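Only the coordinates and a few stated rules stand behind these numbers; no lab work does. Because the structure is predicted, anything quoted here is derived from the model rather than measured. Note that each Cβ is placed from the backbone with ideal geometry, even for glycine, and that neighbours are counted across all protein chains shown.
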Amino acid sequence: MNELRAQLKSAGGDVSGRHRRASWSLPLFATFVTFAFLAVSVAPPTTSPAYAFAPGRTGEGQTLAVDGDYTTSTGRDAFTISEPVVEKVAASAPAAGVPDPGTAQAIAYAMLQSMGMGDAEYSCLVSLWDRESHWNVYASNSSSGAYGIPQALPGEKMASAGADWATNPATQITWGLSYISSRYGTPCGAWAHSEDQGWY
């Protein structure tokens, strides 16, 4: 072994036992890496047709429901988000309790019962007409001309329910419930509109 080292040393070779790198290998490696980096950066990316985004398409995928309001469909090729499902829920009103006999509220309560409507609808009606007239048969709005318990505009509209529309609470309530039924369906529907818009 020593003889081999002596021969290498006399020939100008490396006798340390380590591998010696050629002087041209590092610059060549650096040039290759630089070229590869530039090629990746400049070249347009290739897309696989199986995974390319397809505008306007909705692939079959999973459906996710969030509290019953939104539905999101996702697929491998595309995704869509449907419009939110908005359901109008009639506003509830504070419980009104059982009305005192002989009052306008008692007349309304009996009429609602005969129409198949329960205490929740009665409570909505009480809140609605409390806001409108405080259940005053003679309530008059000087600026708009609305009149009576349901604040008919104009008050003469209530003549379709009876000639005594200006003084009889039963006539006014009959007309008011007919108006609510045709326009909002139920007193709670009218109350929800009044809560949202400030009028019904």
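Counting 0.36 nm for each residue step from Thr167 to Asp130 and taking away their Cα separation leaves a gain of 11.5 nm. Scoring 112-121, 174-183 by mean Cβ neighbours within 10 Å over their residues and listing the highest first yields 174-183, 112-121. Amide H contacts of Ala152: Tyr147, each under 5 Å away and 5 or more positions distant or on a separate chain (H built 1.01 Å from N in the peptide plane; Pro and chain starts excluded). Note on Ala120 and Val98: the extension gain reaches 6.8 nm, defined as 0.36 nm multiplied by sequence separation minus the Cα-Cα distance.
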